[in-house]
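Enquirer: Provided herewith is a single structure, encoded as structure tokens, for subsequent inquiry.
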Amino acid sequence: MSILFLVTNSLCLVTSLLFGWISDRVKIYKTILLTNIGILASGSMMLYAIYSGQGKALSILFYIGFVLTMVIRCLQFMAAVNLISKITSDQTRGTMFAFNGIMASIGITILQGCGGYFYTNVSKAAPFLYWYVGYLLTTVFNLVLVAMGKLTV
């Protein structure tokens, strides 16, 4: 399993440079939507592998989906930092970065606790399904905001 994190971190180094370059050239909400759609695609790979049964090809599909999901989550963090830097003033930027870090830590702690509970008490696939639904709802919410013209950054 540690090889997956080595591959993920190596890919984050490469994709972060490209993503940073892209982020400077397009609206931030487009990069956020792009990463949400990427998470849904990689999550679909993992869910398909989980619910289709066992087999070497399905295990490989799961691992590919896992690595892609982790890389895209790294890019989402970059998008959030980019968004904060664009919507806050110089005087409040540090406070907002700190607040973002605190809220992210609380969210990750709660989500990991829920994921562990679902994994232990519901099914081994439940954590993947519940975060997938969360990303799906977030993506739909973002698309609605774009359609309404509320996302302009």
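The values are calculated or read from the model by the stated rules, or taken from the named source; none is laboratory data. Keep in mind that what you see is a predicted model, and the values were worked out from it rather than measured. Note that each Cβ is placed from the backbone with ideal geometry, even for glycine, and that neighbours are counted across all protein chains shown.
Enquirer: So which residues in the stretch 106-119 are at pLDDT 90 or above, among the hydrophobic types (A, V, I, L, M, F, W, C) and either within 21 Å of Gln76 (Cβ to Cβ) or not in a helix (DSSP H, G or I) (or both), if there are any at all?
Expert: Residues satisfying the conditions are Ile106, Ile110, Cys114.
Enquirer: List every residue pair whose Cβ atoms sit under 6 Å apart, with the two residues 6 or more apart in sequence or on different chains, where the first one lies in the stretch 85-105 and is assigned to a helix (DSSP H, G or I) and the second, anywhere, is among the hydroxyl-bearing types (Ser, Thr, Tyr).
Expert: Pairs found: Met96/Thr88.
Enquirer: Now, a different point. Could you list, in sequence order, the residues of the stretch 120-153 that are modelled with pLDDT under 90, part of a helix (DSSP H, G or I) and of a type in the set (Ser, Thr, Tyr)?
Expert: Tyr130, the sole residue that qualifies.
Enquirer: Of the conditions (1) without any contact (Cβ under 8 Å) to a residue 60 or more places away in the chain; (2) over 23 Å from Leu136 (Cβ atoms); (3) not acidic (Asp, Glu), Leu61 fails just one. Which one is it?
Expert: Tallying (1) without any contact (Cβ under 8 Å) to a residue 60 or more places away in the chain; (2) over 23 Å from Leu136 (Cβ atoms); (3) not acidic (Asp, Glu), Leu61 fails exactly one: (2).
Enquirer: Hey, does the stretch 50-72 have a residue that's in contact with a Leu (Cβ under 8 Å, 6 or more places away or on another chain), assigned to a loop (DSSP other than H, G, I, E, B) and surrounded by 12 or more Cβ atoms within 10 Å (Cβ to Cβ)?
Expert: Yes.
Enquirer: To continue, here is another question. For Arg73, only one of the following conditions fails: (1) more than 16 Å from the chain's Cα centre (by Cα); (2) at pLDDT 90 or above; (3) charged (D, E, K, R). What is its number?
Expert: (1)
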